[in-house]
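Data first, discussion second: the structure below is written as C-alpha cells.
The values are calculated or read from the model by the stated rules, or taken from the named source; none is laboratory data. Bear in mind that the values here come from a model prediction, so they are computed numbers and not experimental data. All Cβ positions, even for glycine, are placed from backbone atoms using ideal geometry, and neighbour counts span all protein chains on display. What goes into the accessible areas is simple: the full protein's heavy atoms, side chains included, and nothing from ligands, DNA or RNA. Shrake-Rupley method; radii C 1.70, N 1.55, O 1.52, S 1.80 Å.
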Amino acid sequence: MVYHQFPKDFLWGAATASAQIEGAADEDGKSVSVWDEFAKRPGATRNGQTPNIACDHYHRMEEDLNLMKNLGLRAYRFSIAWPRIIPEGVGAVNPKGLDFYARLVDGLLERNIAPLITLYHWDLPQVLEEKGGWRNRQTAYAFQDYTAAVVKKLGDRATLWATFNESPCFINLGYRTGIHAPGAKEPEKTIRQIYHHVMLAHGLAIQAIRANAKKKPSAGIVHCQNVPQPIFDSPEHVEATRKSFYKQGAWMLDPLFKGKYPEEEWRELGANVPDIQNGDMEIISQPMDYIGYNIYGASEFIHAKNGSGIAEPMYPRTEMGWAITPDIIYWYARFLHELYNPPIIYLTENGCAYPDDINDSGRVDDYARIEYISAHLKSAHRAVKEGIPLKGYFVWTLMDNFEWAFGYYRRFGIIFTNFETLQRIPKLSYEWYANVIKNNGL
Ligand code: IFM
C-alpha cells in the first residue's frame, strides 16, 4: 500500500561526485586536483587514504550505469572534474576528458535517466590553487570558460545543470578550518572575498550555460547551510526558526536571489566585507531555474522563548555524529520557498553513513538506512502535499565512496563497495529504493 504518493514527474535520483568515485587520478590527461594534492599531506585524511582509485568508476562506468538502470533511477546527479577538462585550469581543452563525460551522458540517456551535471564539486585544478584559487577573482572567469567548454560538448543532450555544490561547505572547511582541501586557514576578510568570487563564478557560469546550451537548459546551484528546526510546529517557534534560517543562509541566498548582501551582516563585518566591482551583483543574481538543497540533519532546535539548543548526546545519530531529524527536509524546503520563492526545488542530497558490512549470507542488510531515507521521504512528501515546488530527491549516494577527510571509513552508499576488489554489492536499501521508485512513493 502506498501512503505517500509523489507526483508523476517526480525526479527520483541518486548523487555522486567526481573525486569521490572516479579514480583514474592521472589518466587521459587529467591534472592534479586540490584533493589529490591535499590527500598527500600527512594527517590530512584517515590513514592517508587518497582519491587515486576510489570506486574506479572511470573504468567501470558501464557496470555502474547498469546498476542505475536496474534501480529504476529517473535522474543521476554527478559532477565533472575540471582537471580532466582543462588540465591547466585555463586554456587548452582536453578532448579525452570531455569524451568520458559524453559517454556517461549517452549511457544515461540510453537508459532513460536524466543527467544532472554539477560543474564544481570541490576538485579545483591544483595549478589554479597555486595562483590563489578562489581567493583570486580570475578563477571565476576561468570557471566560466571551463563551463562553456563542457556545455558546448554536452548541452545538446543534457539539460539539468548545477554550478556549485555546497559552496559554504567547501569554503569553510577548505579555507577557514583547513580540514578539507586546500587545507588553508584564511582570515575573515579573505573568506568573504572567496564567497564573492564563488558567487560571481556561479553567475558567470549560468551565463555560459544559457549561451552555449543547444537544448533548453535548467540551471541552478546546490546550496547548503546550517538549518535550524522548530522545537515543535507552532506559529511562534516556526517564526523564530524562520528568522534564524534567514540569518544563517542570507549571505549567499540574498545575493543569489535579490542581488544584494544582507545589510545587517554587511554592517557587522566592518572592514571584512569583500571588494565588489560594478555589475557583479547583477551577474550573481541571474534568474535560476531551480535551487538544489543538501541536508542531512538539523543544526539546532529553536524555541521562541528559550532560544536555540543542539540535540543532546543521547539523540539518535548516524555514524557521522549527525542528529537524525527527518522533519528538517520539510522545514528547509518550506523556508526556502517562503523566503526566496524559487520556481523549483530539488533535494539534491540526503542520506546517512553507517558501518555497513557484508553478512554471512553475502548481503548488506542496512535496515537503518532504509528507516532513515523512508522517514526523510515522508517529510519531503509533506512539502509536496503543501504545494511547495519540491520536484526531486537524490539519495546520497549511489555507492560507498571516498568521504573526503574520512577516506573510505564512512559508507553512505545504497551500493556497497568492496574497496579491495572494487566489487559492487547492492544493499537492501537499493532494493527498497527501487521499490519506492517503481511505486512512485512509499
Ligand atoms: O560526501 C559528501 C558530499 O560530497 C557533499 N555533501 C555531503 C556528503 C556527505 O558528507
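Listing for the model above:
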quantity	calculated
Residue check, Ala75 within 16 Å of the ligand (Cβ to nearest atom) and touching a residue at least 24 places away in the same chain (Cβ under 8 Å)	no
Failed item, numbered, when Leu173 is tested on (1) within 16 Å of the ligand (Cβ to nearest atom); (2) touching a strand residue (DSSP E or B) at 6+ places or on another chain (Cβ under 9 Å); (3) part of a helix (DSSP H, G or I); (4) among the hydrophobic types (A, V, I, L, M, F, W, C)	(2)
Selection within region 369-402 - under 21 Å from Asp357 (Cα atoms) and either buried (at least 18 other Cβ atoms within 10 Å of the Cβ) or within 16 Å of the ligand (Cβ to nearest atom) (or both)	Arg369, Ile370, Tyr372, Ile373, Val395, Trp396, Thr397, Leu398, Met399, Asp400, Asn401, Phe402
Thr421 vs. criteria away from the ligand (no atom under 16 Å from the Cβ) and either among the hydroxyl-bearing types (Ser, Thr, Tyr) or in contact with a Ser or Thr (Cβ under 9 Å, 6 or more places away or on another chain) (or both)	yes
Of the criteria (1) loosely packed, with under 15 Cβ neighbours inside 10 Å; (2) under 26 Å from Gln138 (Cα atoms); (3) not basic (Lys, Arg), which one Pro235 fails	(2)
Condition check for Arg411: outside any helix (DSSP H, G or I), within 16 Å of the ligand (Cβ to nearest atom), surrounded by 18 or more Cβ atoms within 10 Å (Cβ to Cβ) and modelled with pLDDT of 95 or more	yes
Residue check, Ala92 without any contact (Cβ under 8 Å) to a residue 24 or more places away in the chain and either in a loop (DSSP other than H, G, I, E, B) or in contact with a helix residue (DSSP H, G or I) (Cβ under 6 Å, 6 or more places away or on another chain) (or both)	yes
Top-ranked residue in region 337-348 [being open to solvent by less than 10 Å² (accessible area, probe 1.4 Å) and not in a loop (DSSP other than H, G, I, E, B); ranked as farthest from the ligand (Cβ to nearest atom)]	Ile345
Among (1) assigned to a loop (DSSP other than H, G, I, E, B); (2) within 15 Å of the ligand (Cβ to nearest atom); (3) open to solvent by 10 Å² or more (accessible area, probe 1.4 Å) - the single one Ala405 does not satisfy	(1)
Residue check, Lys153 in a helix (DSSP H, G or I) and closer than 30 Å to Lys215 by Cα	yes
Single unsatisfied condition, Thr118 versus (1) within 19 Å of Asn294 (Cβ to Cβ); (2) away from the ligand (no atom under 12 Å from the Cβ); (3) open to solvent by less than 10 Å² (accessible area, probe 1.4 Å)	(2)
